[in-house]
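> Dumping the structure here so I can ask a few things about it.
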Amino acid sequence: YWAGLDYNSGIPVALNNSAMATNHSTVSVSDSTGNLLFYSDGLRVWNRHHLLMPNGTGLSGGWWQPVFSIQNLYNDSLYFLFTVDYHNHQTGGTYNGLRYSIINMTMAGGNGDIDPTKKNIRIHGGRNASQALSATRHKNNKYAWVVSRLRDPDSNYYVSYLVNNIGLDTMPVLSNSLVTLTASTNVDFTVIKLSLDGTKLACCYTNYTQIDSNWVEFCSFNSLTGSVTPRFLVTPTQGVYGPYSPESVEFSADGRYLYVSALANTASTKSVIFQYDATKLDSAQFKQSETIIGISKESALQLAPDWKIYGTEYALPYVDSLCRINIPSMPGAGCNFEINAVSLNGPHCELGLPQFLQKYKAYIHHSKLCQNDSVHFSGDIWPPPDSVHWDFGDPISGPANFSNLVNPSHIYSNIGIYTVELFILHNDNRTDTAWQTITVVPNPQVALGANRTICTGNTTTFDAGECSGCMYLWKNLSSGLTVGTAQTFTTGQPGDYSVT
């Protein structure tokens, strides 16, 4: 509800300029340098200026997990916006099913708009898709799979579609589920999540009126073929607030642990957060690993760009914060669950956070750019690389121009402009290269001149010299006290003074 977070600084910073108020999962899409492009709740689309796109209303998504966006692989100005609606199996009615629209970022003066000829296009085989929609990368880490769940009296299927370098392949990949969904059942599926490596899938099934029909279906996913292989159903049971209705799931970034947020039926405002060891493919061992790691308000879980898992805190009165699992790859209490971890500074969040499709990334960060001082480099890389190779763009430095360290340092030979290259090799033999241009600036030239003698009652001014972007620190060497932080320092007191 009008809330947002900016991760460009590396830590989440609350934003209060969102135009979106919605109940469930959303998407928020930025360019490769972190500039906002658009966001959507599955019904509407807003541009980077928080204004509705001219053709950005009347979409067919709704409820729980209704929207996902994937960039077109042959035209980076185009984005698929997939939507799925909520079908009330008790009251009947027609499905909007799984559909897609095309957002063209060159339209509306470069602010983007939905192409009116490519809006709400029904996808073959997805008419009975409902409520839950997610995606993961293909095994080649370039293509992507869009995954939903069908509510069809004649079938119990997951459905997957491939987005490749041609576009959307509308031939569905159907996979059986262990859960039967018929017109008479009162079971809703709420959320589908896939692990970042594309090998695991989990889906929540919730029946608020029949407590023995609440499950998390744990599955394997084949990111080469798009097929889902169900393994078993699990129901959270521990704790004093049970029985529980699972509402949200999320995997740690390394896929080792699955987290389940389950609404406590005996205390309707509480969500108990469970951890499971997702490496256990035996149902009994998986269930034995069940651990309560925290209790929150009703909570939807989402892995964020910092690889921490965030959860909503939805209950009346509204809470303007998110809970967080700080180290999701650690077992039990070591995962460091934190309530009220991130303030939203006023707005609140209900039962959904933005989904995003992770891909390979390689960014260069650095600190310090002074001549004769070490410039420290680090790589922001996903997934963790097999090996790295740095070229600092300073061939005159000889062998020191190269490094295979993850976080190296380099002292540049001269001032000037240099192009730094980071080459990455992954375990699957994929390579990535990142470049960054840096400017090494001269060291400050400090000269305070000869000692000075002044008359009693007079003062003298020392000037450390102008230096763009510099900070100054003046000290009285006799007392050790700091006496100034400006370019100049004026004093009438005898003593020995230094400036850094």
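The values are calculated or read from the model by the stated rules, or taken from the named source; none is laboratory data. Not measured: the values here are computed from a predicted model. All Cβ positions, glycine included, derive from the backbone under ideal geometry; neighbour counts span all protein chains shown. All accessible areas refer to the heavy atoms of the entire protein, side chains included, with ligands and DNA or RNA removed. Shrake-Rupley method; radii C 1.70, N 1.55, O 1.52, S 1.80 Å.
> Pairs needed: first member in region 263-290, closer than 21 Å to Ala253 by Cα and at pLDDT below 85; second member anywhere, part of a loop (DSSP other than H, G, I, E, B) and of a type in the set (S, T, N, Q); C-beta distance under 7 Å; at least 6 residues apart or different chains.
From residues that are closer than 21 Å to Ala253 by Cα and at pLDDT below 85, there are no pairs.
> While we're here: So which residues in region 1-60 are β-branched (Val, Ile, Thr) and within 27 Å of Val191 (Cβ to Cβ), if there are any at all? I'd like the intermediate steps shown before the answer.
From region 1-60, those β-branched (Val, Ile, Thr) are 11, 13, 22, 26-27, 29, 33, 45, 57; that's our starting set.
Result: Ile11, Val13, Thr22, Thr26, Val27, Val29, Val45, Thr57.
> OK, next. Does Gly56 satisfy being open to solvent by less than 20 Å² (accessible area, probe 1.4 Å), small (Gly, Ala, Ser) and closer than 22 Å to Gly352 by Cα? If you could, list the steps in order and put the result at the bottom.
Details: open to solvent by less than 20 Å² (accessible area, probe 1.4 Å): yes; small (Gly, Ala, Ser): yes; closer than 22 Å to Gly352 by Cα: yes.
Yes: the conditions hold for Gly56.
> Could you please let me know if Asn345 is of a type outside the set (Gly, Ala, Ser), in contact (Cβ under 8 Å) with a residue 24 or more places away in the chain, in a loop (DSSP other than H, G, I, E, B) and loosely packed, with under 15 Cβ neighbours inside 10 Å?
On the way: of a type outside the set (Gly, Ala, Ser): yes; in contact (Cβ under 8 Å) with a residue 24 or more places away in the chain: yes; in a loop (DSSP other than H, G, I, E, B): yes; loosely packed, with under 15 Cβ neighbours inside 10 Å: yes.
In short, yes.
> Anything in region 370-420 that is of a type in the set (A, V, I, L, M) and free of Cβ contacts under 8 Å to residues at least 24 places away in the same chain? List them, or say none.
Applying the first criterion (of a type in the set (A, V, I, L, M)) to region 370-420 yields 375, 381, 388, 396, 400, 405-406, 411, 415, 417, 420.
Ile396, Ala400, Leu405, Ile417 - these are the residues of region 370-420 that are of a type in the set (A, V, I, L, M) and free of Cβ contacts under 8 Å to residues at least 24 places away in the same chain.
> Within the bounds of region 395-403, is there any residue that is open to solvent by 80 Å² or more (accessible area, probe 1.4 Å), of a type in the set (A, V, I, L, M, F, W, C) and modelled with pLDDT of 90 or more?
Here is the first cut: in region 395-403, the ones open to solvent by 80 Å² or more (accessible area, probe 1.4 Å) are 395-396, 399, 402.
Imposing the further condition that a residue be of a type in the set (A, V, I, L, M, F, W, C) reduces the set to 396, 402.
Filter once more, keeping what is modelled with pLDDT of 90 or more: 396, 402.
Yes.
> I'd like to verify a number: residues in region 1-18 that are open to solvent by less than 90 Å² (accessible area, probe 1.4 Å) and among the β-branched types (Val, Ile, Thr), how many?
1
> Hey, does region 358-377 have a residue that's among the hydroxyl-bearing types (Ser, Thr, Tyr) and over 23 Å from Ser32 (Cα atoms)?
Restricting attention to region 358-377, the residues satisfying the condition of being among the hydroxyl-bearing types (Ser, Thr, Tyr) are 360, 363, 367, 374.
Now narrow it down to the ones that are over 23 Å from Ser32 (Cα atoms): 374.
Within region 358-377, one or more residues are among the hydroxyl-bearing types (Ser, Thr, Tyr) and over 23 Å from Ser32 (Cα atoms).
> Let me ask you something else. Quickly run through region 158-172 and pick out the residues that are assigned to a loop (DSSP other than H, G, I, E, B) and acidic (Asp, Glu).
So the first thing to find is which residues in region 158-172 are assigned to a loop (DSSP other than H, G, I, E, B), and the list is 164-167.
Of everything in region 158-172, nothing turns out to be assigned to a loop (DSSP other than H, G, I, E, B) and acidic (Asp, Glu).
> Residues of region 363-384 being within 17 Å of Tyr418 (Cβ to Cβ) and surrounded by fewer than 13 Cβ atoms within 10 Å (Cβ to Cβ), which ones?
The answer is His365, Ser367, Lys368, Asn372.
> Residues being assigned to a loop (DSSP other than H, G, I, E, B) and open to solvent by 40 Å² or more (accessible area, probe 1.4 Å): count how many of those fall in region 126-157.
Filtering region 126-157 down to residues assigned to a loop (DSSP other than H, G, I, E, B) leaves 126-128, 138-143, 151, 153-154, 156.
Next, from what is left, pick out any that are open to solvent by 40 Å² or more (accessible area, probe 1.4 Å): 127, 139-140, 142-143, 153-154.
Count: 7.
> Right, next: Filter region 348-360 down to residues that are open to solvent by 60 Å² or more (accessible area, probe 1.4 Å) and of a type in the set (Phe, Trp, Tyr), then give me how many there are. Break it down stepwise before answering.
Residues of region 348-360 open to solvent by 60 Å² or more (accessible area, probe 1.4 Å): 356, 359.
Filter once more, keeping what is of a type in the set (Phe, Trp, Tyr): 356.
The number of residues fulfilling the criteria is 1.
> Scan the strands (runs of 3 or more DSSP E) fully inside region 263-337 and keep the ones with 1 or more residues being among the charged types (D, E, K, R) and open to solvent by 70 Å² or more (accessible area, probe 1.4 Å).
Values: elements: 270-277, 291-297, 301-303, 309-311, 321-325.
Output list reads 291-297.
> Also: For residues that are in a loop (DSSP other than H, G, I, E, B) and surrounded by fewer than 18 Cβ atoms within 10 Å (Cβ to Cβ), tally how many sit in region 108-124. Talk me through it step by step, then tell me what you get.
Looking only at region 108-124, we keep the residues that are in a loop (DSSP other than H, G, I, E, B), and these are 111-112, 115-120, 123-124.
Then drop every residue that is not surrounded by fewer than 18 Cβ atoms within 10 Å (Cβ to Cβ), which leaves 111, 115-118, 120, 124.
The qualifying residues number 7.
> Would you mind finding the one in Ile396, Ile364 that is β-branched (Val, Ile, Thr) and not in a strand (DSSP E or B)? So that I can check it myself, show each step before the final result.
Working: Ile364 fails: not in a strand (DSSP E or B).
Testing whether each residue is β-branched (Val, Ile, Thr) and not in a strand (DSSP E or B) leaves just Ile396.
Here is a yes/no grid of residues against (1) part of a loop (DSSP other than H, G, I, E, B); (2) of a type in the set (A, V, I, L, M, F, W, C); (3) open to solvent by 50 Å² or more (accessible area, probe 1.4 Å); (4) modelled with pLDDT of 90 or more:
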site: Ala21; (1), (2), (3), (4): yes, yes, no, yes
site: Ser32; (1), (2), (3), (4): yes, no, yes, no
site: Leu43; (1), (2), (3), (4): yes, yes, yes, yes
site: His49; (1), (2), (3), (4): yes, no, yes, yes
site: Gly61; (1), (2), (3), (4): yes, no, no, no
site: Phe68; (1), (2), (3), (4): no, yes, no, yes
site: Leu73; (1), (2), (3), (4): yes, yes, yes, no
site: Asp76; (1), (2), (3), (4): yes, no, yes, no
site: Phe82; (1), (2), (3), (4): no, yes, no, yes
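> Let me ask another. What about Asn96, is it farther than 20 Å from Thr180 by Cα, outside any strand (DSSP E or B) and over 22 Å from the mean Cα position of the chain (by Cα)? Working first, answer last.
Values: farther than 20 Å from Thr180 by Cα: yes; outside any strand (DSSP E or B): yes; over 22 Å from the mean Cα position of the chain (by Cα): yes.
Yes.
> If we scan region 8-29, do we find a residue that is among the hydroxyl-bearing types (Ser, Thr, Tyr) and over 19 Å from Ser321 (Cβ atoms)?
Let us first name the residues in region 8-29 that are among the hydroxyl-bearing types (Ser, Thr, Tyr), namely 9, 18, 22, 25-26, 28.
Filter once more, keeping what is over 19 Å from Ser321 (Cβ atoms): none.
No, every residue in region 8-29 fails to be among the hydroxyl-bearing types (Ser, Thr, Tyr) and over 19 Å from Ser321 (Cβ atoms).
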